[in-house]
Amino acid sequence: MSEQDTITKEMFASLVLNLLSEAGESDWAVSYSNFSVASNNGEGPQFMSLARMYHEYLTLESPDNFLTLNKQINLLLNARHSNRETDTKLASLLPCVRTLSSFQQANITFRKQPSYSAEKEIVFFPYAEVLAMGLVFDDPETMKHLRFIDVEELGLEVEDAIDIAVGNLRAISAGPMRVVQPGFYTSPWKDFYDGSRLMLPELFEELDLAGDVVALSPAPDALFVTGSKDLIGLELMSALGQSLMRHPRSVWCMPLVLKDGVWQAFVVQPDDAAFDTINTYRMNVLNSLYQSQEGMLEDVAKDTGAFIAPFVIETDANRDYLFSKTNVIEEKLCIIPEADVIEFFTREHGGIRDCVGRAPFETVSQILGDKLLPDTAFRPKRWHMSQFPSSDDLRAIGMMPPHQSPLQSTTVADLTVLTRLFSLPVPEGTRIDSALRSNNDNNELSIDFVISCTPVDLSAFYLKRLPIGSYMMIGTEQGDFHVAELIGAGCKREIWFGPSRKRGETLLRWVKRLNLDTPSVLTALTKQTDELYSLEQIFEMSIINDSIPQGDLRITEKNVRQNFSTSHSPEAVTEFFRCQMSAMKTVYMQPEQGSPHLILEPALGISVTVKSSQSPQGTQYWLSKDVQKAK
């Protein structure tokens with residue numbers, strides 16, 4: 001289409017509505033937020049994405065563009081007015097996001113069966129990084145992957161089936177994400193389509209995040225979201241993902257970042273404060289994925305004699321972070337993973353001799369050119385090396401030092417390593433004053449520093465930079481110490497500062513305690529009841545999952561209040577709500593002589609009261625919200 005013939009999105013949407021109206025369909029409305037039209041009469045496909053149609057319309061010349069558009073609309077309307085069985089199937093059609101290798105393995109297994117035919121293979125397409133999207137029929141009794149023959153029987157193009165499936169998913173995705181800790185959210189649905197909701201980016205538009213949207217779906221019923229600049233959120237995301245990777249139904253995927261409406265690999269550089277956390281998680285996932293690929297490549301190795309090069313994880317000798325390498329053996333066709341470093345070995349008398357070359361993958365790729373070609377069938381990517389490097393190639397490749405990552409950090413100071421380990425900032429002029437202490441009994445790390453400034457200066461530094469959950473003074477034999485707490489869902493950090501042994505200096509102590517057995521972590525992993533989920537939307541905060549409402553919801557002109565009981569201890573309940581409210585300007589009042597724990601947010605009129613002793617029914621607590629202040 002020429003520039004003068006180009007039409008705007010508004011004009012295109014109007015054209016679609018006119019074509020629908022001419023076909024007797026007048027109940028469709030346009031939504032420009034996700035560029036779609038939707039029907040409100042509850043029959044057949046209720047949603048039609050316009051983005052792909054619009055792009056194709058602009059690409060084609062007139063009148064082919066109009067004829068193609070008319071055909072696409074008629075196909076969807078035919079599906080809408082098809083027989084009842086087809087309608088039922090279309091209503092149960094949903095997208096299914098899993099790793100690409102899991103779909104590939106399913107089809108490889110099927111190809112070995114006597115009844116195999118290509119039309120009976122599972123439908124799937126690469127989606128984002130190592131993920132792929134398939135389609136399933138999900139009725140109350142069974143869940144069945146869509147095959148190419150199923151799509152044909154429905155009378156649809158695959159793209160149209162995808163649009164219908166995504167529309168069905170959108171219809172069952174109402175309600176907000178649940179808060180786990182400030183800036184970290186979990187999916188509320190827990191219905192095995194949580195990861196598929198990556199295809200609904202509008203779900204993440206209103207989340208309060210630090211930086212870009214970063215998401216991870218390490219299991220079919222788990223989806224975690226945090227910000228790209230939220231170190232504590234990224235640490236929690238990695239810890240939860242690592243714990244779920246051990247489960248049989250885990251999805252070996254890596255964090256993704258949303259850029260311009262498209263999910264991309266979330267990769268950070270060595271100088272980024274989140275590098276160790278994200279890089280370690282990525283390396284472990286890549287190791288699992290490449291191992292799963294080796295099983296699929298067994299037949300190729302038998303037929304061609306190819307060497308399936310391993311994916312090996314090593315630790316950088318200078319900075320202690322993980323990197324990957326692989327090796328290539330002379331006189332062998334090699335199928336290699338996309339590792340950070342490639343090592344080359346020659347053969348002698350049937351055995352493997354010394355390494356004769358070692359270089360970053362990118363360097364090797366540039367030198368070898370067509371001798372190293374990508375295999376686009378795999379994610380993560382594999383490469384085919386058709387011949388061993390020549391003597392000239394090896395001289396160009398060179399021999400980089402062993403145990404060294406090509407990703408070099410410009411800062412390798414001990415203080416930098418510690419700030420990443422604790423996810424805490426350090427003031428300028430700070431000096432390390434002790435060795436790193438580890439207590440495995442309570443998963444605790446601690447270290448001491450000294451700095452030539454006053455406790456008041458340190459207080460101002462941390463209060464400005466961190467969401468401090470509480471701030472108190474504690475008397476010790478060495479004097480009075482300021483103690484600031486950062487309460488996370490699976491980790492508590494304490495910052496102590498007070499008098500040092502040396503006049504004119506202040507002692508600064510960091511303490512970090514890991515605990516993934518908390519009500520907050522349970523919130524991230526389990527589904528809430530419908531009753532409690534409704535109450536969460538009233539009070540605008542998550543509620544402990546096993547809570548039992550006591551009595552009716554009390555609503556007056558001034559406030560809303562609900563009493564609860566739970567099996568968790570008063571301390572665990574208090575910490576659960578302090579964690580969620582730590583980003584607010586809260587006041588925490590500890591119990592004295594039997595009084596309750598009290599957490600107040602005066603500006604928003606929110607209060608949480610937790611009885612300090614348990615009754616036979618468990619811990620009693622109640623939430624209250626000032627309706628007038630909430631407005």
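For Kirkwood radius over Cα pairs in Å, the value computed from the atomic coordinates appears in the list (1) 26.0; (2) 28.5; (3) 26.7 under label (2). A cut-off of 5 Å between modelled amide H atoms, ignoring neighbours fewer than 5 places along the same chain, links residue 470 with 485. A DSSP coil position with no more than 14 other Cβ atoms inside 10 Å describes the following GluC sites (Glu not before Pro) in the stretch 82-149: 141.
Placing unit charges on the Cβ atoms only, positive for Lys and Arg and negative for Asp and Glu, gives the chain a dipole magnitude near 1740 debye about its Cα centre.
The Cα center of the stretch 236-279 and the Cα center of the stretch 367-383 differ in position by 24 Å. Using R0 = 35 Å, the C-beta based FRET efficiency linking residue 292 and residue 514 works out to 0.75.
Cβ-Cβ distance of residue 34 and residue 550, R₀ of 51 Å, FRET efficiency by 1/(1 + (r/R0)^6): the value works out to about 0.80. Put 601, 235 in order of accessible area, highest first, and with a 1.4 Å probe you get 235, 601. Going by the alpha-carbon gyration tensor, a ≥ b ≥ c the square roots of its eigenvalues, is the stretch 519-631 rounded (a/c under 1.5) or, if a/c is not under 1.5, prolate (a/b greater than b/c) versus oblate? It comes out rounded by the Cα gyration axes. Panel values: the stretch 280-375, Kirkwood radius from alpha carbon pairs, Stokes-Einstein at 4 °C and 1.567 mPa s, translational diffusion coefficient 90 µm²/s.
Partner aspartates and glutamates whose Cα lies under 17 Å from the Cα of residue 371, excluding those fewer than 8 positions away in the same chain, are identified as 330, 331, 338, 343, 362, 392, 393. Solvent exposure of residue 611, expressed as accessible area, is near 90 Å², computed with a probe of 1.4 Å over the protein chains only. The residue 174 and residue 587 beta-carbon pair, evaluated with R₀ = 35 Å, returns a calculated FRET efficiency of approximately 0.50. The charge dipole of the stretch 462-598, taken about the Cα centre with unit charges on the Cβ atoms of Lys, Arg (+1) and Asp, Glu (-1), comes to about 820 debye, rounded to the nearest 20.
Taking θ as phi - 60° and the Karplus parameters 6.51, -1.76 and 1.60, the scalar couplings of the stretch 16-21 work out to 4, 4, 5, 5, 5, 5 Hz in sequence order, x denoting glycine and proline.
On a full-extension model of 0.36 nm per residue, what is the gain between residue 110 and residue 613, subtracting their alpha-carbon distance, rounded to one decimal in nm?
Numbers: separation 503, 0.36 × 503 = 181.08 nm, distance 5.92 nm.
Contour length minus the Cα-Cα distance gives 175.2 nm.
Here is how the number arises for the chain: DSSP H runs of 4 or more residues each give -39500 (n - 2.57), the sum is divided by the residue count, and the result at 222 nm is -9000 deg cm²/dmol. Straightening the chain between residue 463 and residue 421 buys 13.1 nm, computed as 0.36 nm per residue apart minus the Cα-Cα spacing. The phi-based Karplus calculation (6.51 cos²θ - 1.76 cosθ + 1.60; θ = phi - 60°) puts the 3J(HN,Hα) values of the stretch 463-472 at 5, 6, 9, 10, x, 5, x, 7, 9, 8 Hz, whole numbers, x for Gly and Pro.
So how much slack lies between residue 205 and residue 8, counting 0.36 nm per residue of separation and subtracting their Cα-Cα distance, in nm?
On the way: separation 197, 0.36 × 197 = 70.92 nm, distance 2.44 nm.
Length gained, residue 205 through residue 8: 68.5 nm.
Residues in the chain average 48 Å² of solvent-accessible surface per residue, probe 1.4 Å, ligands and nucleic acids excluded. With the highest mean first, a sort of the peptides 59-69, 569-579 on other beta-carbon atoms found within 10 angstrom per residue produces 569-579, 59-69.
The values are calculated or read from the model by the stated rules, or taken from the named source; none is laboratory data. Please read all numbers here as calculations on a predicted model, not as lab measurements. Every residue, glycine among them, receives a Cβ derived from its backbone with ideal geometry; neighbour counts consider all protein chains shown. What goes into the accessible areas is simple: the full protein's heavy atoms, side chains included, and nothing from ligands, DNA or RNA. Shrake-Rupley method; radii C 1.70, N 1.55, O 1.52, S 1.80 Å.
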